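Peer 1: Can you keep this structure in mind? I'll have questions shortly.
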Amino acid sequence: MKPTVYVINGPNLNLLGTREPEQYGRATLADVEELCRSAAEAHGFGLVFRQSNHEGELVSWVQEAGAVRAAGIVLNAAAYTHTSIALLDAVAAVAVPVIEVHITNVHAREPFRHVSYVARAAKGVICGLGPQGYALAIAGLAGLVTQRELKS
Ligand code: DQA
């Protein structure tokens, strides 16, 4: 069966395209999903793409990705990145590599965005490259799978 990548999006990312376009650009979440679908296909992954404004739902989806032994998770937890110990614990609890993604360069923004709880348990972080950061994260997960196969 094809390995699956979960792409999990947090609060307000449903508004991409109209939300602060000077910050986040004009691409909608549907555009981001399409981008992820082509990247996943190119690397032989199936794709589960989700968005929620609710912290607990994001936690449950990280757990779900762990339970189905997904190949990896691309997680843009949005504002919960900077606040959620629950999401950090979920990421730490699953044996699935997680790549944290942000559309914007959070380090060039307000100081409260410089802190990421999720990053403590993430395999890697990509930020500031716009929506293509998602595709790069999927490529990164493919690289990790290959690395793992070479080691075993
Ligand atoms: C974001 C950055 C976060 O600080 C912010 O709260 C978001 C989006 C990004 O993709 O750049 O909602 O995760």
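The values are calculated or read from the model by the stated rules, or taken from the named source; none is laboratory data. Here the structure is a predicted model, which means the values were calculated and not measured. Neighbour counts run over all protein chains shown; Cβ positions are idealised from the backbone, glycine included. In case anyone asks, the SASA skips ligands and DNA or RNA and just uses the protein heavy atoms, side chains included. Shrake-Rupley method; radii C 1.70, N 1.55, O 1.52, S 1.80 Å.
Peer 1: Being open to solvent by less than 30 Å² (accessible area, probe 1.4 Å) and within 14 Å of the chain's Cα centre (by Cα) is the filter here; which residues of the range 1-28 pass it?
Peer 2: Across the range 1-28, the qualifying residues are VAL5, TYR6, VAL7, ILE8, ASN9, GLY10, PRO11, LEU13.
Peer 1: What's the total number of residues in the range 74-128 that are loosely packed, with under 13 Cβ neighbours inside 10 Å and more than 12 Å from the ligand (Cβ to nearest atom)?
Peer 2: Going through the range 74-128 one residue at a time, the tally reaches 3.
Peer 1: What number of residues in the range 94-151 are basic (Lys, Arg) and at pLDDT 95 or above? If you could, list the steps in order and put the result at the bottom.
Peer 2: Taking the range 94-151 first, the residues basic (Lys, Arg) are 109, 113, 120, 123, 148, 151.
Now narrow it down to the ones that are at pLDDT 95 or above: 109, 113, 120, 123.
Qualifying residue count for the region: 4.
Peer 1: For the range 50-70, name all the residues that are open to solvent by 30 Å² or more (accessible area, probe 1.4 Å) and of a type in the set (Ser, Thr, Tyr).
Peer 2: Step one: filter the range 50-70 for residues open to solvent by 30 Å² or more (accessible area, probe 1.4 Å), giving 50-51, 53-57, 60-61, 63-64, 67-69.
SER60, the sole residue that qualifies.
Peer 1: Collect the residues in the range 35-77 that are over 21 Å from GLY143 (Cα atoms) and among the acidic types (Asp, Glu), keeping them in residue-number order.
Peer 2: GLU55, GLU57, GLU64
Peer 1: So which residues in the range 11-25 are closer than 17 Å to PHE49 by Cα and more than 7 Å from the ligand (Cβ to nearest atom), if there are any at all? First the steps, then the outcome.
Peer 2: Residues of the range 11-25 closer than 17 Å to PHE49 by Cα: 11-16.
Result: ASN14, LEU15, LEU16.
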